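Let me begin by presenting the structure, written as structure tokens, before commenting on it.
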Amino acid sequence: MNEDVLILAVESSCDETAASVVKNGREILSNVISSQIALHTLYGGVVPEIASRKHIEKINQVIEQALAEAGVTLEDITAIGVTYGPGLVGALLVGVAEAKAIAYAAKKPLVGVHHIEGHVSANFIEHPDLEPPFICLIVSGGHTHLVVVKDYGEFEIIGRTRDDAAGEAIDKVARAVGLGYPGGPKVDKAAKEGNKHAVEFPRAKVEGAPYDFSFSGLKSAVLNYINHAKMTGEEIVVPDLVASFQNAVVESLVSRTIAAAKEYGYDKVAIAGGVASNSALRGEMKKACRKAHLNFYHPSPVYCTDNAAMIGVAAYYEYMKGARSGWDLNAVPNLKLGER
């Protein structure tokens, strides 16, 4: 019988210090997340310097807790997986340095993981039947990609944002209407009370690139609407405004994803990334997939936001393919999907 492969994974790309132990790529033995949201709320967004310092404070205890909850020691671990990009360079460096130190001291292989590959891999945790190939929509604060997942860790990008990421636009609109930080959950909550057809905002199309996205025009349209209302003394009904804005974002995301699945001939569609926890996106995608006779997969919200379990899953499949990182592994803040 084959021996179990246990991955100790570390994630520190932004403002979550996280560690997890993953068994055989699909079973999560522990998933510990130390969030900094309360700290950064004071500043209305993530302050990179503060995030890095907090990672240094928390990382040892988060890893110790992950090992304890999994009921294993470092000796039991097969390999160490760590996010090395993309993300905030200072934050990434903390995780990479920690993972290298542990791997060196414990004489374990080191596997560097692409953060976005981790988000896609989050879908494998709760869906044992999901295997490549499939279409995946990746939506977060920094990324909006439509990809064909050809194999574990192998992607073909068929669409991307030309300007703002969807999550970035949501955060900016949340700030503009006074909802504050973090914008995603607050917009989602407020939109449930509003009329999504109250204001018809534009849906941008990119000529010659049917699967590319553009959200800066939509964001500008919302800001112009707010400024016009203030100048003319009109009342801004925040739930209606954010529901209408969110509807435009969701329609852009869903329509392109379904069209791509049909054109490329895949019957499986997944979503990933922080914005994948948005209830309107999940609901509309589920509806559209059912109508188009496509199987729809999505991670639970805890696996949509940054976490180490998804990094452990991705690291397992990279490890099984023979990928190993050297002691020269470094943080790559602008790492592109598909690069190693």
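Each value in this text was obtained by applying a stated rule to the coordinates, not by laboratory testing. Note that this is a predicted model, so its numbers are computed, not measured. Note that each Cβ is placed from the backbone with ideal geometry, even for glycine, and that neighbours are counted across all protein chains shown.
Okay, here's what the table says:
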read-out: For Cα extents along the principal axes in Å, calculated from these coordinates, the label among [x] 84, 66, 31; [y] 67, 47, 32; [z] 102, 45, 37; value: [y]
read-out: Cα gyration tensor, region 132-299 - rounded (a/c under 1.5), prolate or oblate; value: prolate
read-out: Given charges at Cβ of Lys, Arg, Asp, Glu: region 270-337 dipole, positive-most of Ser279, Val332, Ala315; value: Ser279
read-out: Pairwise FRET efficiency - Glu156 versus Glu234, Cβ, R0 = 35 Å, nearest 0.05; value: 0.15
read-out: Test item: Cα-centred dipole of region 132-299, Lys/Arg +1 and Asp/Glu -1 on Cβ, debye; value: 320
read-out: Angle between the chain longest axis and helix 308-320 axis [Cα atoms, degrees, rounded to 10]; value: 60
read-out: Candidate lysines - alpha carbon under 30 Å from Lys172, same-chain residues fewer than 8 apart omitted; value: Lys54, Lys58, Lys186, Lys189, Lys192, Lys196, Lys205, Lys219, Lys230, Lys286, Lys287, Lys336
read-out: FRET E, pair Lys321, Ala292, Förster distance 35 Å, beta-carbon r, rounded to 0.05; value: 0.60
read-out: 10 Å Cβ shell holding at most 13 others, DSSP loop, GluC sites (Glu not before Pro): longest site-free stretch of the chain; value: 4-192
read-out: Sites Glu64 and Thr41, calculated FRET efficiency, Cβ-Cβ separation with R0 25 Å, nearest 0.05; value: 0.40
read-out: Computed [θ] at 222 nm, deg cm²/dmol, the chain (DSSP H ≥ 4; -39,500 (n - 2.57); rounded to nearest 500); value: -14000 deg cm²/dmol
read-out: Footprinting exposure proxy for Thr83, Thr17, Thr161 (fewest neighbouring C-beta atoms within 10 Å first); value: Thr161, Thr17, Thr83
read-out: Spacing of the two label points (7 Å from each Cα toward its C-beta) at Glu193 and Asp4, in nm; value: 4.7
read-out: Cα-centred dipole magnitude for the chain, charges only on beta-carbon of K, R (+1) and D, E (-1), debye, nearest 20; value: 580
